[in-house]
Each structure stands twice: as structure tokens, then as C-alpha cells.
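A short reminder: the numbers here are calculations on the coordinates, not readings from a lab. Quantities reported herein were computed from a predicted structural model and do not represent experimental measurements. Cβ atoms come from the backbone with ideal geometry, glycine included; neighbour counts cover every protein chain shown.
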Amino acid sequence: MKKTFTINISGIIFHIDEDAYSKLNSYLGSIKNHFTNLDGREEIISDIESRIAEILQTKLSDSKQVIVIEDINEVIAIMGQPSDFSDDDEEPVKSRTNYSYQQTGYKRLYRDPENKMIGGVAGGIGAYLHIDPLWIRILFIIALFTTIGG
């Protein structure tokens, strides 16, 4: 008979045997060590713990109430080792530093609810043409009076 522990991961309580507890504890410790110098460390670790809790919940059923070491091995296989995280973490930093913005030239005509008088159509056309919506409204009024008589 093995000793069991009651643990709390992301607000979810699990019963876990002694071997699985020590393996999970060392895995979480290595994750915490991996993210020691990173900004937002607590949020990343919290997200990882939440994902581990989700995976462990799928392992439990009415007939199985205790997490065993095989379950922890499956979690580690799904999540990966902390050394696997380093490749994913470094690439976005590099891409952010070398990122250049190019406008595609595709412009979209839309209603502008922030500059609307009646329906926002003149505001949307003004935003599309990069001019004041007042000029579009004046053109609409002129067009209204010139087309009535013709």
C-alpha cells in the first residue's frame, strides 16, 4: 500500500500517490527554474499548472480516484520537458526585434460609428479617404439639391 497526498493544482484538488507526487514536484520545480529570469513568470507557470490540472482531470473517473506515476509520465509527455520550452520562447523575441510593418495597400470601406451623424456613412467615407467627414456631408447635401432638379 502506497502513501497518498492531497494536492491542489490551480484550485483543483487531487489525490496523488507518493511516487507520482515526487515526480510531479520535481517537474514543476524544473519548470519554475527554467522561467526564473523571465518577465511574467508567475502567469506562465500558472497557465502550465492549469493545463496540467486539465490533463489530470481527464485521467480520473469514478473507479480511479488517485493519480499514479504513469499519469504523471503522460502529462510530461504531453507538456514536454522545460528544455523543450527554450526554443519556443527565444523565437518570438527575435521576431519582435526584427519585425517590420508593411501595409498591404488593401483599404476597407466601412461605417464609422464614432463620427456618425445619422448612420456613420459619411464618417466611414471620410476615414477611408483620410479627410474630415464634414466635407463628405457637405458633398452629400450639394448632391441632394443638384439631383432633385435634374
- Could the peptides 47-53, 123-129, 60-66 be put in order, highest first, of the mean number of other beta-carbon atoms found within 10 Å of their residues? 123-129, 47-53, 60-66
- Using a 10 Å cut-off on Cβ atoms, rank the peptides 32-44, 13-25 from the highest mean neighbour count down. 13-25, 32-44
- Query: Which ³J(HN,Hα) values, rounded to whole Hz and listed in residue order, are derived for region 36-50 from phi using the Karplus coefficients 6.51, -1.76 and 1.60 in 6.51 cos²θ - 1.76 cosθ + 1.60 with θ = phi - 60°, glycine and proline given as x?
  - Reply: 5, 9, 9, 5, x, 4, 5, 5, 5, 5, 4, 5, 5, 5, 5
- Item | Built amide H within the under 5 Å cut-off of I67, gap 5+ | H15, I16, D17
- Task: Would you tally the net charge around I118, using a Cβ to Cβ cut-off of less than 13 Å, leaving I118 out, and scoring K and R as +1, D and E as -1?
- Result: +2
